[in-house]
Every structure is written in C-alpha cells, then in structure tokens.
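Each value in this text was obtained by applying a stated rule to the coordinates, not by laboratory testing. Treat the numbers as computed from the prediction; the structure is a model and nothing was measured. Here the Cβ positions follow ideal geometry from the backbone for every residue, glycine too, while neighbour counts run over all protein chains shown.
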Amino acid sequence: MATAIVSSARKVGRLTNAARRLYSDVYPKITTHYTVHPRDKDPRWKEINMERVAEETDILIIGGGPAGMAAAIRARQIAEEKGAEVRVTLLEKAAEIGGHILSGACVDPIALNELIPDWKEKGAPLNTPVTSDKFGLLTKSGRIPLPVFPGLPNYNHGNYVVRLGHLVRWLSEQAEALGAEVWPGCAGADLIYRDDGSLKGVATGDVGIAKDGSPKDMFERGMEFHSKITIFAEGCHGHLTKMLSNKFNLRDKSEPQSYGIGLKELWEVKPENHKPGLVEHTIGWPLDKNTYGGSFMYHLNVPEGEAPLVAVGFVVGLDYVNPYLSPFREFQRFKLHPYVKPMFEGGTRVAYGARALVEGGWQCLPVPVFPGGCLIGDTAGYLNVPRIKGTHNAMKSGMLAAESAMDLILSGEATHDKGIVPTLYEDKLKESYVYKELKQVRNCRPSFHTKLGLYGGVGYSAFTTLVRGKEPWTFSHGGADHARLKPAKECQPIEYPKPDGVVTFDLLSSVALTGTNHEADQPPHLTLKDDSVPVKTNLTVFDGPEGRFCPAGVYEFVPMETGEGQRLQINAQNCIHCKTCDIKDPSQNINWVVPEGGGGPAYNGM
C-alpha cells in the first residue's frame, strides 16, 4: 500500500514537473506589451493617472512621407487661397522628418509638377534626371539584355533618381512655410472614437514603461489629437490602418494585400564605375523562376568633390514558398554575380535598410474612406509594381484627400461633433491617373503565379502592356502571402555563401549601418498574440522562418536555459520597422506596434 502511494506520488511529481517545464520553460512569457496584457488587469497600474491632454485640429495627418506631406501642403494651399483659418497638423514617428524613409527611388515628377509647379526654382532635391535605362535577365553566370523603349513600364526618361528622405525633408519645409504644423518624434499609437462610432482622432504613445510592462517613475501619458478629418499616410502595413480596416471592414471586398520586401544599400563607388542618371533593373538569378523579385541600381548625381554614389536594392515577393529562403542573403548573393560584383569592388558601403512594399495593386485596394477619415499612399496600396514607382501616386492621393477634406471643412459639413465620410475623395481617386494606372497593370504581378513562373509573367506582362491592360479579365493573387509558405519538410534548405566583408556582409554589421535606436528598457513592440506559437508551430512546422525573413536579426531561436529545447528571443532593439514579420509570419501571430518614442532607424536620406 505504502509502495503504491509513493509510486503514485512520484508519478504525480513527474507530471507536475513536466507541466511546469511545459509552461514555464518551453513557452516562457515573451510579450509584455499592453496591447496583449491590458493594464486594467495589472495591479501595478492601479494608481497611475491615465488621463491624456487633448489638442484639437481641423485636419490631422498621420505619417510624414510623400503622401502625408503632399496632403499637408495642398490643404494649406487651399486655406490660403480661400483666406480660411484651417489648422493642419501632421504627426511623424521618426525623430527627424525623413528619418524612416527608405526607397529606391526613381520618381515620376507628375504629382510634384501639379503640387508645386516652380519646384526647381524652390530648390527641390531632384538633381539626377534619368539619362539611360538598362534592363536584363540574369542567369547564374551571365546577363541577357531585355528591351527598354517608350511605353514600357521600366522606361524612365523624364523621371529623376532621388534620395527620397531628402525630398521629404524639402516637402516638410514647404508645408511648414505654408503654415502646417509638423510634429516629428510623435507616433500615433491608438485610435480615438466618438460616441457615434466614427473616428475622432488618434492618441500618441505613452513613455516611461519598463520592459516588464510596469510604469516607471517617469511615466507620461501620450496626447490625444482630435480632428474633423484624419488622413492616414502610415506607409505599408500601417499599425493604425490595420485597426481601422478591422473596425470599418475596409478590406471586405478586396483580395488580401500582397507584399514584397525591398532591401537597399548605398555605396560610394569608384569614379570609373559611376554613370549619373543610369537606371538599371534585373530579374532572374539568384531567385528561382517561381520566386518573384529583382534588383535595381540607381546612379546619383553628387556635388563636386564628394564620392560617387550608387543605390543598389533587391526586392523579393513575400509570396515565396520556401521557409529556408532569406531575402537578405539573396540580396548579398546577387552582388556576387559576375556582371554585378565589379560595380562594388573597391567601393564602400555606407548605408543599409529594408522596407516592405505593397504589391497587390488593383485587386487589393481597400475602401479608402470611413467615418472621420481616409487612407492615402502606400497605406492604401497605390504602388505601381511594374513601374516600381509609388511616390507620384502617393502624393496625388494625398492631394486629392486634402482637397476633399477642405471641401467638407469649408462647407461646414465636417465638425468635431460628428464623423463624416469623405466620399468625394474616393470619387476623385477613381477619376485620377492613380486608379487608371493601377487598373492598366492589374494583371502583371499575378501573372507570375503560373507553372511558367518568371517566364510566363514576363511574357504576359509584355502582352498586357501592348493592349494597355484592356483585356476583359482580372487575375487573382491567389490568397495571402503568409499562407503560401510550405512546411519545412516539403522544401530544401538553401546554401548561401559566407559574407566576404568586401562586397557581401553579415546581418548584424548591416543593421549597425541603419542608425537604429530603441530604448532598451521598454516592452518589445513586436508582440505575440500567443507566446507558445513560435516554438509549437513556427519552429516545429516551418523550422523557424522568422530568423530568415527578418532583415534585421530580430528573431532568434536560442537554447533553453535548462538545456532542453529552444525558445524564441526577440531582439526588438534591432527592428528597422520593415513590417515583414507582421506580414510573412505563417501563424499570423506577430503584431508590429509603434515602439515607445517612435524609435527605429535613422536612414538619413537613403
């Protein structure tokens, strides 16, 4: 009897220890952010004053990229034309305007010509007109030239190679000169609603929160900004835009958005390799025929005496299927191609960055309006993928949104008391070149989803360009990007060459060039809905793809302290705000939220 009791006790003890290991070791608590662990259930917050100071404005713009700046400028232009007192306030999460901007960028000036016709006289930093175009298909050891002529999406004569962060800073100066209020280092973190359910405005993030989620002595509540109309220009996969889409069902009638990840480096090259105004794109190697992507190289004009600059980038569609693929390492491998490598030999890499891109186009456009506001630019998805251009569409959408908002404000229809839907903005969009462009190229990107892959896509894109997109059918993208990832057992690992430290580099030395800075003692802004999923699903089924699709070394599976199994470590201080993890996570368990103080990279005009 005694032996049986002891045996039973030991069995219970073993089960208890196993359960303890399961919940305390195998799946340790990772997420401490208040969006997952509400403060009203945390006794540490019981005595904290949670009141916010509120500011009222007429038009509130969230995001200081090309779209947001164009909206601010256009709104103030109209206010001056009408002699009206209209307060326009723009919030930007980067500490400096342009600090989080990353782009190719080869810009079509059509929207800028409309917005500020005398931009040349005012010193806009468009200093490098395109002088020549090259386009080629890379094989493993060679390059096949492809035609570039007027009418093709990749024909760039009349466009400008720019450092987009510099352009955005210049636009900010124009906006402020017109009377717009620009608030850098002020990140929108939450949404404020009226009693009728319409959007009232946004709240900025709190500061002074410890990594464990508790308030520090220096805790300060964020501010509220109340507006008559709020314009969202958050860029790709915006944190607040996701919330708005769920609240107002903005994506119910569209396909899931499709994305790419764009990685970019800025190089000082040897003078003999520099050809200012040259724009070059490639497709093909190192990607296989079923993985969408390609490269760009843009040669910039620089002041006399400064080192010649070339911006090089690589884009990988986030609908790829192999969990072993690493976009960052594909980019590094691309630079080893015998056609590409000589460009960078003897040069110096001076900057690195990465950003997700909206690639879904026409099929994935959300309803852009809702009670109290609207969506503009990349946050709505106005990138023209075949042209690899979105700045002009972003700016045009911002201008149209501002005109529609001003109509409502000047007529007295938009007030602080009720939220009105700016339907005129949607009507203007449908009549603009933004929608016409996107409809014309709607079938290019999804045409790559056939057994012919790259070759079928190139062939079909040539056909649809010839008929100007007038074919009576529209292809589907075939579902969300994250759902395309296959289990690891169905795929082959990819062997990547080791970085040479000359032309190719490791991840951490690359992140060091981004100027990324986050306060260490704050809750990680990369939150998990369920802390058990990374090990239970992502590691077990997909062999931990977050360690490969992240271009900043944020996600790392490390051995457990007990020596049994692995756990996920989130190095949130490395995050460069590309949003790839939020998009590609096969479990859709990761949610990117705005970090304390905005945080993130300082690209300095890349």
List the lysines whose Cα lies under 30 Å from the Cα of Lys211, skipping any in the same chain that are fewer than 8 positions away. Lys29, Lys41, Lys46, Lys93, Lys242, Lys247, Lys529, Lys536, Lys579, Lys584
Taking 0.36 nm per residue of separation between Arg44 and Lys489 and subtracting their Cα-Cα distance, the length gained on full extension comes to 155.7 nm
Part-to-part distance (alpha-carbon centres) for the range 309-343 and the range 157-199, which is given in Å: 31 Å
Between the range 43-66 and the range 487-565, how many Å separate their Cα centres? 33 Å
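Hey, got a sec? Which GluC sites (Glu not before Pro) in the range 368-442 land in a DSSP loop and have at most 14 other Cβ atoms within 10 Å? Intermediate values should be presented prior to the final figure.
Values: sites: Glu403, Glu413, Glu426, Glu431, Glu437; in loops: Glu413.
Those that pass, being in a loop and sparsely packed, are Glu413.
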Of Lys275/Lys498; Lys289/Lys486; Lys134/Lys470, pairs whose Cα-Cα distance is over 21 Å: Lys275/Lys498; Lys134/Lys470
The chain: Kirkwood hydrodynamic radius (Cα pairs, Å) comes out at 25.3 Å
Going through the range 232-312, which trypsin sites (Lys or Arg not before Pro) have at most 13 other Cβ atoms within 10 Å and a DSSP loop state? Lys253
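Please give the FRET efficiency for Val53 paired with Lys253, using the beta carbon to beta carbon distance and R0 = 35 Å, rounded to the nearest 0.05.
Calculated value: 0.35.
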Over the chain, calculate the relative contact order: mean separation of alpha carbon pairs under 8 Å at least 6 apart, over the residue count, as a percent. 20 percent
If R0 is 30 Å, what FRET efficiency do you get for Glu80 and Tyr193 from their C-beta distance, rounded to 0.05? 0.40
Calculated FRET value between Arg468 and Met218, using beta carbons and R₀ = 51 Å, to 0.05: 0.30
Qualifying GluC sites (Glu not before Pro) for the range 280-386 [loop in DSSP, other Cβ within 10 Å: at most 16]: Glu304, Glu306, Glu345
Kindly provide the helix-only [θ] at 222 nm of the chain, computed as the sum of -39,500 (n - 2.57) over DSSP H runs of four or more divided by all residues, to the nearest 500 deg cm²/dmol? -7000 deg cm²/dmol
Counting DSSP beta bridges in the chain, what percent are antiparallel, to the nearest 5? 70 percent
